[in-house]
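Undergrad: Quick one: the structure is below, and I'll ask about it shortly.
Values quoted throughout were computed directly from the atomic coordinates according to the rules given, and no laboratory measurement underlies them. Computed from a predicted structure; not experimentally measured. Because the Cβ atoms are built from the backbone with ideal geometry, glycine has one as well, and the counts that use them run over all protein chains shown.
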Amino acid sequence: MANLKAHLFLAVLITASLSACGLILPKQILEQPAKQQALISPLQGRVTLLDGTPLDLATENSKIQIVMFVSDGCAVCRQETKDLVTDLKTRGQPSNVHLYSVLIGATPEDARDWRDELGVDWTTGINPGDELFREYCRPALLTPCVILKKPTESGTTRLFGKHSVVEWETIAGRWSH
């Protein structure tokens with residue numbers, strides 16, 4: 001009986017401790033970000049491609065743009081990328097879409113290894129200092145964070161978490177293969 005009381009007391013103590021910890025956390029940490037959010041900001045900024053060439057995202061206005069901010073250790077990012085690779089192998093590269101993967105906190109060598117390991121054959125780069133990630137994916141700063149831009153609109157849509165190509169097409173427009 002004493003053993004049961006000791007276990008019950010320990011369980012109550014742990015529950016109370018966890019509850020108290022949750023109460024002192026800032027509200028924005030406890031809240032999950034919206035999975036989809038329209039942004040009024042245009043798509044702009046520079047990405048460094050893996051060959052060192054800078055790319056200005058604002059120069060592409062004639063195609064649907066999809067910028068995937070990913071991190072090497074993110075399992076959801078890897079699965080979403082693998083699903084996209086499989087889709088593109090099945091349906092082919094879309095002629096009206098420009099895909100970009102931007103690795104967060106990565107060196108060019110890390111990004112090359114990630115690209116080669118997953119079989120990525122679209123534009124891949126880094127954003128030294130991760131300024132674009134902090135700009136477009138705040139306040140949550142979670143990966144994957146995907147920015148979609150229709151060629152006919154100046155604003156963008158931001159997605160957090162795993163999404164399918166079908167969801168991307170629903171938001172940004174049909175892909176032409």
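Undergrad: Which residues in region 86-126 have a backbone N closer than 16 Å to a point placed 7 Å from the Cα of R46 along the Cα-to-Cβ line?
TA: Answer for this model: 125-126.
Undergrad: For C137, C74, what's the fewest-to-most ordering of other Cβ within 10 Å of each Cβ? Mind showing how you got there, number by number?
TA: Details: C137 21, C74 17.
Result, fewest neighbours first: C74, C137.
Undergrad: D110 to Q37: extension gain in nm, 0.36 nm per residue of separation minus the Cα-Cα distance? Can you show the working numbers first?
TA: On the way: separation 73, 0.36 × 73 = 26.28 nm, distance 2.96 nm.
Full-extension gain reported as 23.3 nm.
Undergrad: Further, regarding this structure: Looking at region 35-168, what % of its DSSP beta bridges pair antiparallel, to the nearest 5?
TA: On the way: 18 of 29 bridges.
Here the share of antiparallel DSSP bridges comes out near 60 percent.
Undergrad: Taking neighbour Cβ counts within 10 Å as the exposure measure, how do T157, T152 sort from fewest upward?
TA: Working: T157 17, T152 8.
The order, fewest Cβ neighbours first, is T152, T157.
Undergrad: In nm, what is the difference between 0.36 nm times the number of residues separating A58 and Q79 and their Cα-Cα distance? Walk me through the numbers on the way to the answer.
TA: Details: separation 21, 0.36 × 21 = 7.56 nm, distance 2.79 nm.
Gain in length upon complete extension: 4.8 nm.
Undergrad: Residue separation times 0.36 nm, minus the C-alpha to C-alpha distance between E169 and K150: what's the value?
TA: On the way: separation 19, 0.36 × 19 = 6.84 nm, distance 1.01 nm.
Full extension of this stretch gives 5.8 nm more.
Undergrad: Right, another one. Could you line up E60, E117 from fewest to most neighbouring Cβ atoms inside 10 Å? If you can, show how the numbers build up before the last one.
TA: Values: E60 16, E117 11.
Starting with the residue having the fewest Cβ neighbours, the order is E117, E60.
Undergrad: Between T90 and E117, what's the calculated FRET efficiency when r is the beta-carbon distance and R0 is 25 Å? Round to 0.05. Could the numbers behind the result be given before it?
TA: Values: r = 20 Å, r/R0 = 0.80.
For T90 and E117, the calculated efficiency is 0.80.
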